[in-house]
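Peer 1: Could you have a look at this structure, given as structure tokens, before my questions?
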Ligand SMILES: [Zn+2]
């Protein structure tokens with residue numbers, strides 16, 4: 001999810017409050033990052049996450065992270081390692097969506113770097129999806145307009161290869177926070193079956209717990 005620390009509409013705290021009001025138990029703050037703002041974004045997201053995570057009366061966990069966006073593919077591995085060393089719990093890669101000139105080679109470089117989630121990977125190849133499965137990189141099904149044009153392609157290759165899928169809102173504003181109905185319709189609309197409604201939720205829970213469990217700060 002994105003806040004006005006990059007191109008979102010809300011402060012991180014308001015986004016978290018609105019997610020709680022919508023019934024979320026977990027969320028990740030992953031503002032758009034390159035080398036110019038990576039440190040500041042992670043420091044800011046960590047402070048907010050600590051506030052929310054330290055309060056046992058709040059029903060939400062917040063994962064601080066970044067979405068590496070339009071960076072030179074040859075720098076993705078280095079930036080991923082840097083983000084983790086600064087305390088990012090989740091590193092998302094802004095993949096090769098068909099609606100933006102994301103550099104070719106971004107999907108492969110992100111998978112090889114071992115990011116946690118490759119977002120909107122566009123017309124990703126079967127070979128790359130197989131590599132994502134081997135490396136444990138989750139592929140995104142998204143409710144974001146434009147990026148969602150290739151959901152069916154991503155879902156089909158993931159189903160055929162066994163790669164892990166997660167559903168993301170890619171929220172930039174309050175209206176992007178998911179409702180159960182939109183979540184269900186997006187998954188079924190991508191050509192996935194009823195069982196995927198539960199398996200994608202389980203994938204997100206598993207990923208979140210694994211990332212937050214590794215030395216929660
Ligand atoms: Zn993105």
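Quick note: the coordinates plus some simple rules give every number you see, no bench work behind them. Note that this is a predicted model, so its numbers are computed, not measured. Every residue, glycine among them, receives a Cβ derived from its backbone with ideal geometry; neighbour counts consider all protein chains shown.
Peer 1: Which number in (1) within 25 Å of residue 60 (Cβ to Cβ); (2) surrounded by 20 or more Cβ atoms within 10 Å (Cβ to Cβ) marks the one condition that residue 179 misses?
Peer 2: (2)
Peer 1: Kindly evaluate residue 207 against the criterion of being more than 16 Å from the ligand (Cβ to nearest atom), over 17 Å from residue 99 (Cβ atoms) and surrounded by 17 or more Cβ atoms within 10 Å (Cβ to Cβ).
Peer 2: yes
Peer 1: If only one of 100, 67 is within 13 Å of the ligand (Cβ to nearest atom) and touching a residue at least 60 places away in the same chain (Cβ under 8 Å), which one is it?
Peer 2: Within the list 100, 67, the selection yields 67.
Peer 1: In this structure, does residue 115 turn out to be in a strand (DSSP E or B), closer than 19 Å to residue 207 by Cβ and in contact (Cβ under 8 Å) with a residue 12 or more places away in the chain? Let's see the steps before the verdict.
Peer 2: Values: in a strand (DSSP E or B): no; closer than 19 Å to residue 207 by Cβ: yes; in contact (Cβ under 8 Å) with a residue 12 or more places away in the chain: yes.
Against the criterion (in a strand (DSSP E or B), closer than 19 Å to residue 207 by Cβ and in contact (Cβ under 8 Å) with a residue 12 or more places away in the chain), residue 115 does not qualify.
Peer 1: Can we say residue 169 is within 13 Å of the ligand (Cβ to nearest atom), within 23 Å of residue 126 (Cβ to Cβ) and either touching a residue at least 24 places away in the same chain (Cβ under 8 Å) or out of contact with any helix residue (DSSP H, G or I) (no Cβ under 9 Å at 6 or more places or on another chain) (or both)?
Peer 2: It is false that residue 169 is within 13 Å of the ligand (Cβ to nearest atom), within 23 Å of residue 126 (Cβ to Cβ) and either touching a residue at least 24 places away in the same chain (Cβ under 8 Å) or out of contact with any helix residue (DSSP H, G or I) (no Cβ under 9 Å at 6 or more places or on another chain) (or both).
Peer 1: I would also like to ask the following. With the condition kept exactly as written, say whether any residue in the stretch 31-54 is away from the ligand (no atom under 15 Å from the Cβ), under 20 Å from residue 176 (Cβ atoms) and assigned to a strand (DSSP E or B).
Peer 2: No: the stretch 31-54 contains no residue that is away from the ligand (no atom under 15 Å from the Cβ), under 20 Å from residue 176 (Cβ atoms) and assigned to a strand (DSSP E or B).
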